[in-house]
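I have placed the structure first, in the form of structure tokens, so that the comments after it can refer back to it.
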Amino acid sequence: MTATAQDPETRPPVRTADTTIKKILDELQKVADSDRQNAKNIEELSRGRDLDNSAKYDLIKNNLIYAAETYYLLNKKIIDLKSRTTTSNLDVFITSLNNPESKELGFSLSDRVVELVEKIILKGKSDKNERNTKLVESTKSIINSPIFKSFTSLTPPLAIASSVMNFLHSVSQSNKAINHKLLQEFEKELNKYVIYYTALNDANQKFEFGLNFNKDQLSLLQDNMYDHLAFTANVLKMPLPARGNKTIAESLNEYFFDFRKEKVVDFFGKLEEKYTAGKKIDYEKLLRENPNLKEANNQLEDLVLQTKRFENLYNEYFSLLDSYYTKVNHSLRLAQDNALAEKGIVEAKQAEFRQLKDEAVKEIQASINMRELTVNVEKVKYRYRIF
């Protein structure tokens, strides 16, 4: 067999150079496409960052505006609750029940003590001789002592009972007609009144103790609010003045003449103006150069917790009032059980007390208006922390 050479014109063309160029062109196209996509992504990220900074700023701004109103309302309501005892009508009712001269239950302790001395100690012979007359007059003198008149709410009846009993024991040392049996009988009858006034006194003391503790907790809450407000106010360029010798209530009352929601709105208006270029606010620069705004926002959870603490103290006040109501009613039942007062009179007094207590609750609820504070606090989006 003989091998022959192939005609050059019939050979397939060589494509090596063309293939390489095509590959290079394809790679360049991919790079160009990638650059366009990257540029697009960068643009979108940039817009997203601007949007994110704008959203952050709006959250901080709205939170601090609502916080300013919250500070104002919280301070106002703390002062209102601290000033509460009960109400004037309820105070008059209780003071009257505890007055030894009062006949609200159909008897006067002062008169009853004199009657018991005449009936038991003197056996109905108070006017038989000078000694008996003098004993009655001395008893009246003790009852009418200016010392007891100066007691305003808690112990006049109990002090009178104790003083009269001590006086009779002293007299019995020289007056043999006043024997131990008579003193026991007298003390037994007197103790019926002592039991009633002791129960009433216990109700008053526990209510007063509870009120004082509640006020102490409100003062502590006010101190905490002052400390929290100090940082926020400084961030908003409205720092708290030095307290000096003023009480915290005086300092805060004066400060809240100026520190109001409207002033905070004005602060943010000026801040936006400062960072506006053309018609656009540079939120990134604003937040970067005012980092304390973020911290003030992130601390608002503490303010919300303080409002919750106030709500608890507010509710505790009404619990105190309920407990007081129960204890006073118990003392009135004791007066009935020991035949000091008729059932009808006691029931009428209990109904009157219930009405006065309900009126006191409504008056305080209307005055403090917890919903006003709650609605405002709900506007503070404190759970969204800014970093």
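The values are calculated or read from the model by the stated rules, or taken from the named source; none is laboratory data. Only a predicted model underlies this, so the values are computations on that prediction, with no experimental measurement involved. Backbone-built Cβ (ideal geometry, glycine too); neighbour counts: all protein chains shown.
Could you tell me whether any residue of the stretch 65-85 is at pLDDT 85 or above, surrounded by fewer than 14 Cβ atoms within 10 Å (Cβ to Cβ) and either closer than 30 Å to GLU137 by Cβ or not β-branched (Val, Ile, Thr) (or both)?
Taking the stretch 65-85 as the starting set, the residues that turn out to be at pLDDT 85 or above are 65-83.
So of that shortlist, the ones also surrounded by fewer than 14 Cβ atoms within 10 Å (Cβ to Cβ) come out as 83.
After this cut, where a residue has to be either closer than 30 Å to GLU137 by Cβ or not β-branched (Val, Ile, Thr) (or both) as well, the list is 83.
Yes, the stretch 65-85 contains a residue that is at pLDDT 85 or above, surrounded by fewer than 14 Cβ atoms within 10 Å (Cβ to Cβ) and either closer than 30 Å to GLU137 by Cβ or not β-branched (Val, Ile, Thr) (or both).
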**OP:** Consider TYR197 carefully, then state whether it is crowded, with 17+ Cβ neighbours inside 10 Å and under 21 Å from SER331 (Cα atoms).
**Re:** yes
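For the stretch 292-301, give me the residue count where each residue is part of a helix (DSSP H, G or I) and surrounded by 16 or more Cβ atoms within 10 Å (Cβ to Cβ). Break it down into steps so the answer makes sense when it comes.
In the first step, residues of the stretch 292-301 are kept if they are part of a helix (DSSP H, G or I); the result is 292-298, 300-301.
Now restrict to residues that are surrounded by 16 or more Cβ atoms within 10 Å (Cβ to Cβ): 293-294, 296-298, 300.
Summing the residues that are part of a helix (DSSP H, G or I) and surrounded by 16 or more Cβ atoms within 10 Å (Cβ to Cβ) in the stretch 292-301 gives 6.
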**OP:** Consider only pairs whose beta carbons are under 8 Å apart and that are at least six residues apart or on different chains; among these, list those whose first residue lies in the stretch 221-247 and is exposed (fewer than 13 other Cβ atoms within 10 Å of the Cβ) and whose second residue is not in a helix (DSSP H, G or I) and not polar (S, T, N, Q).
**Re:** ALA230/PRO239; ALA230/LEU240
Original post:
Of all the residues that make up the stretch 228-249, how many are under 21 Å from the mean Cα position of the chain (by Cα) and modelled with pLDDT under 90?
Top reply: 3
Original post:
Is there any pair with a first residue in the stretch 168-190 that is in the same structural domain as LEU135 (by TED's automatic domain parsing) and a second that is part of a loop (DSSP other than H, G, I, E, B) and at pLDDT below 95 whose Cβ atoms are under 7 Å apart and which are 6 or more apart or on different chains, and what are they?
Top reply: LEU168/ILE178; VAL171/ILE178; SER172/ILE178
Original post:
If a residue has to be of a type in the set (Gly, Ala, Ser) and touching a residue at least 12 places away in the same chain (Cβ under 8 Å) to count, how many in the stretch 330-387 make the cut?
Top reply: 6
**OP:** Show the residue pairs that are 6+ apart or on different chains and have beta-carbon atoms under 7 Å apart, the first residue being within the stretch 45-62 and within 19 Å of ASN290 (Cβ to Cβ), the second being modelled with pLDDT under 90.
**Re:** LYS56/ILE386; LEU59/LYS381; LEU59/TYR384; LEU59/ILE386; ILE60/ILE386
Subject >> Boolean, ALA339 is outside any helix (DSSP H, G or I) and either touching a strand residue (DSSP E or B) at 6+ places or on another chain (Cβ under 6 Å) or within 25 Å of ASN98 (Cα to Cα) (or both) >> reply: yes
